[in-house]
Amino acid sequence: SQTIHQWPATLVQPVGSPLSLECTVEGTSNPNLYWYRQAAGRGLQLLFYSVGIGQISSEVPQNLSASRPQDRQFILSSKKLLLSDSGFYLCAWSPGVAYEQYFGPGTRLTVT
Amino acid sequence: AQTVTQSQPEMSVQEAETVTLSCTYDTSESNYYLFWYKQPPSRQMILVIRQEAYKQQNATENRFSVNFQKAAKSFSLKISDSQLGDTAMYFCAYRPPFNQFYFGTGTSLTVIP
């Protein structure tokens, strides 16, 4: 069966510090991968998605970036965090175009 | 533009009663997919139900069913025999026949004992 992992679960970082959130999927190959951000009490904002290694599509201009160094690994990064980067970050995967998304447990990021 | 609208920010229902959550969407596509996701206090997003637009029959999953009205671009979720564990945020999502997903802003459902 397929599983999706995210870490860390919780992170507190000062403004201006770098960020690296990791997401990995097990039990499948060539998944579509997604990064979302959810502000408190709000809906999901799609940040990035990837249909293959090295292929990243950005949905929202910001100081965040994403990379997919391996087939089942998706990384969200920032060189300098802003206060507005605080939120709940969700990684998701999908088997393909006609399928639903499956979400990881999320990372709660607080920028102080 | 592809948009998903959930017009009920908050709802409540008595335990064992039935509740319906509304969702409308805007699209020019003829073939697409619709989903309802549940996000309990743990914040883990859980797929509740999916509907393919080319299927006329409404999807059902145990106590959860949908009312899919393609012409009206409406996709409501009915929860029967509500249980305390149904307390959560519910998100409607639309997926056209490419890779992008579009989510609504969510409906916070509280089941009252």
Residues of segment B:82-102 that turn out to be closer than 15 Å to B:E10 by Cβ and among the basic types (K, R), as a count: 0
Wholly enclosed strands (runs of 3 or more DSSP E) of segment A:17-65 bearing at least 3 residues under 19 Å from A:Y99 (Cα atoms) and away from every other protein chain (no Cβ under 12 Å): A:19-26
Single match in B:N31, B:N58, B:N67 (criterion: free of Cβ contacts under 8 Å to residues at least 40 places away in the same chain and either part of a strand (DSSP E or B) or open to solvent by 30 Å² or more (accessible area, probe 1.4 Å) (or both)): B:N58
Any chance B:E52 is acidic (D, E), open to solvent by 40 Å² or more (accessible area, probe 1.4 Å) and modelled with pLDDT under 95: no
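Is it the case that segment A:75-97 has a residue that's within 14 Å of chain B (Cβ to nearest Cβ), hydrophobic (A, V, I, L, M, F, W, C) and over 14 Å from the mean Cα position of the chain (by Cα)?
yes
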Looking only at segment B:47-100, and only at residues there that are out of contact with any Asp or Glu (no Cβ under 9 Å at 6 or more places or on another chain) and of a type in the set (V, I, T), the one that is farthest from A:P31 (Cα to Cα): B:T87
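The values are calculated or read from the model by the stated rules, or taken from the named source; none is laboratory data. Only a predicted model underlies this, so the values are computations on that prediction, with no experimental measurement involved. Ideal geometry is used to build each Cβ from the backbone, glycine not excepted, and the neighbour counts take in all protein chains shown. When the accessible area is computed, the model is the full protein with side chains, heavy atoms only, and any ligands, DNA or RNA have been set aside. Shrake-Rupley method; radii C 1.70, N 1.55, O 1.52, S 1.80 Å.
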